[in-house]
Amino acid sequence: CERQDSRASRERLLVVANRLPVSAVRRGVDSWHLEISVGGLVSALLGVKEFETRWIGWAGVNVPDEIGQRALIKALAEKRCIPVFLDEEIVHQYYNGYCNNILWPLFHYLGLPQEDRLATTRSFQSQFDAYKKANQMFAEVVKEHYVEGDVVWCHDYHLMFLPKCLKERNRKMKVGWFLHTPFPSSEIHRTLPSRLELLRSVLAADLVGFHTYDYARHFVSACTRILGLEGTPEGVEDQGRLTRVAAFPIGIDSDRFIRALELPQVQDHMKELKERFAGRKGILMQICEQFIELLMVNVNNCKVMLGVDRLDMIKGIPQKILAFEKFLEENPNWRDKVVLLQIAVPTRTDVPEYQKLTSQVHEIVGRINGRFGTLTAVPIHHLDRSLDFHALCALYAVTDVALVTSLRDGMNLVSYEFVACQASKKGVLILRAAQSLGAGAILVNPWNVTEVASSIGYALNMPADEREKRHHHNFVHVTTHTSQEWAATFVSELNDTIVEAQLRTRQ
Ligand code: G6P
């Protein structure tokens, strides 16, 4: 949210997302510490500098008192961020409940949580009411800060009710809505008790965007099959009003990663990592304490495999680790020569499904390390934490093979970040099929442990000329399909859609 560019004529953009790009940590009655939030949405939007941007969202913390709220508003204003204050009960019902226990698994085809389907069904209505209430609260904050002509860009599954709330407050507001997760097939969307209200509300937006053509197609078909509306090549039509629907594949701010590799602190991290993996002794890495301990093993000329994911069931971390186990099982010659570093960033830790997943992953990692570890080496280094930007860039740069094998994802940007940092090493990317970055990667079905295991072998043995060719494909894609281009295209399409609608009304 550091939009320091001083060009006066930039278009004003109100980005509305559940989470601000910074999370607040209270340090005193009226003092706050701000930390960058995790997640693809934040990482992509931070790179967008063409607009005069304000962010509206939740700061990830409950602030019941007025002194704290005023201090936080002031601290966030410096970052051009505006908080929406949600109390604990709303967060529990809206964020943990409806968003992350119902919409998130459903949109990723995981269905409702297995063990408490009935309980979920019973609490559904109160969670949906809280969802609508939270969306109304976001709408009020937008209304307060809106200036005529602003583009209001609503993001993600947390705010599907927002386009309707905004248009009810101001019919002329330019409203776009973008989904960062998959939109499921209409047959799945049908199973949602609030299916009608959510679709109708999203349709109140002028432009609705998805990462892929398939998700856009699913949305249009849900509107035609469930609401009985007309789908056109442009979008969805309801009584003469068109909601434009299209695909806008997101990217990253690739220059930020490429430039970071030149920074001395990143170079230092890289040097230390390389030396560590070349087996030289006495080198201390500054990445983080736990990491240093974990890496104080004697890994001689090891190949480094890397996974970076939020610790979420859609990321397929257990499946990935089981594939690595299978690889070690079938390739004893590789056992001391490859390590898998898995960075698993904790997320949504109040939701029981996420707590269960954490224990499950720990159990599998422990078992495999027990099985294949030696006195001096363990095959999997698993960290339940995030790394800072510089440490992450260094890690990407020294990695030989990245495993980006989420079971289903909106658009996974870790693969883009890895490619941006690989200009010199030209490492291999193993990727779940059906992501837009595909041509240079080894594409796998993450559910097929045997296939992933053999792809690991293929990647580790890949000759340099093939690695170079594949990397070149990926690098061109990542550096041309950037987050800046994504945002500019979406906003310009939104403006065009509104002009066209005005012309249609005049005719
Ligand atoms: C995904 C979602 C984002 C979300 C992020 C982090 O990328 O699409 O909207 O912010 O995960 O999840 P969290 O629940 O911590 O905000």
Subset of the range 371-395 that is open to solvent by less than 20 Å² (accessible area, probe 1.4 Å) and not hydrophobic (A, V, I, L, M, F, W, C) - its residue that is farthest from I317 (Cα to Cα): P379
Failed item, numbered, when L429 is tested on (1) in a strand (DSSP E or B); (2) open to solvent by 20 Å² or more (accessible area, probe 1.4 Å): (2)
From the options E417, E493, residue that is touching a residue at least 40 places away in the same chain (Cβ under 8 Å), within 16 Å of the ligand (Cβ to nearest atom), closer than 27 Å to L45 by Cα and part of a helix (DSSP H, G or I): E417
Selection count where residues are open to solvent by less than 30 Å² (accessible area, probe 1.4 Å) and under 27 Å from E88 (Cβ atoms), scope the range 46-59: 5
Within the range 347-365, tally of residues that are in a loop (DSSP other than H, G, I, E, B) and in contact with a Lys or Arg (Cβ under 8 Å, 6 or more places away or on another chain): 1
Residue within the range 442-452 that is assigned to a helix (DSSP H, G or I) and closer than 19 Å to T399 by Cβ present: yes
So I430, is it more than 21 Å from the chain's Cα centre (by Cα) and either on the phi > 0 side of the Ramachandran plot or at pLDDT 95 or above (or both): no
Number of positions in the range 461-486 that are out of contact with any Asp or Glu (no Cβ under 7 Å at 6 or more places or on another chain), open to solvent by less than 50 Å² (accessible area, probe 1.4 Å) and either of a type in the set (A, V, I, L, M) or not in a helix (DSSP H, G or I) (or both): 2
Among (1) of a type outside the set (D, E); (2) within 16 Å of the ligand (Cβ to nearest atom); (3) out of contact with any Lys or Arg (no Cβ under 7 Å at 6 or more places or on another chain), the one test that N100 misses: (3)
Among (1) surrounded by fewer than 20 Cβ atoms within 10 Å (Cβ to Cβ); (2) modelled with pLDDT under 95, the one test that N170 misses: (2)
From the options L20, L41, residue that is open to solvent by 10 Å² or more (accessible area, probe 1.4 Å) and under 25 Å from the mean Cα position of the chain (by Cα): L41
Inter-residue pairs, beta-carbon under 8 Å, first more than 30 Å from Y98 (Cα to Cα) and without any contact (Cβ under 8 Å) to a residue 60 or more places away in the chain and in the range 351-370, second open to solvent by less than 40 Å² (accessible area, probe 1.4 Å) and of a type in the set (F, W, Y), 6+ apart: I368/F324
Enumeration of residues in the range 64-97 that are within 16 Å of the ligand (Cβ to nearest atom), within 13 Å of A24 (Cβ to Cβ) and aliphatic (A, V, I, L, M): V84, L86
Members of the range 121-138 found to be in contact with a Cys (Cβ under 9 Å, 6 or more places away or on another chain), closer than 14 Å to L198 by Cβ and open to solvent by 40 Å² or more (accessible area, probe 1.4 Å), listed by number: K132
Qualifying positions in the range 134-157 - farther than 14 Å from K174 by Cβ and within 16 Å of the ligand (Cβ to nearest atom): A134, N135, F138, H155, D156, Y157
Some residue of the range 85-97 being closer than 26 Å to R54 by Cβ, among the small types (G, A, S) and open to solvent by less than 60 Å² (accessible area, probe 1.4 Å): no
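The values are calculated or read from the model by the stated rules, or taken from the named source; none is laboratory data. These figures come from a predicted structure and were not determined experimentally. Glycine also receives a Cβ, built like all others from the backbone with ideal geometry; neighbour counts cover every protein chain displayed. In case anyone asks, the SASA skips ligands and DNA or RNA and just uses the protein heavy atoms, side chains included. Shrake-Rupley method; radii C 1.70, N 1.55, O 1.52, S 1.80 Å.
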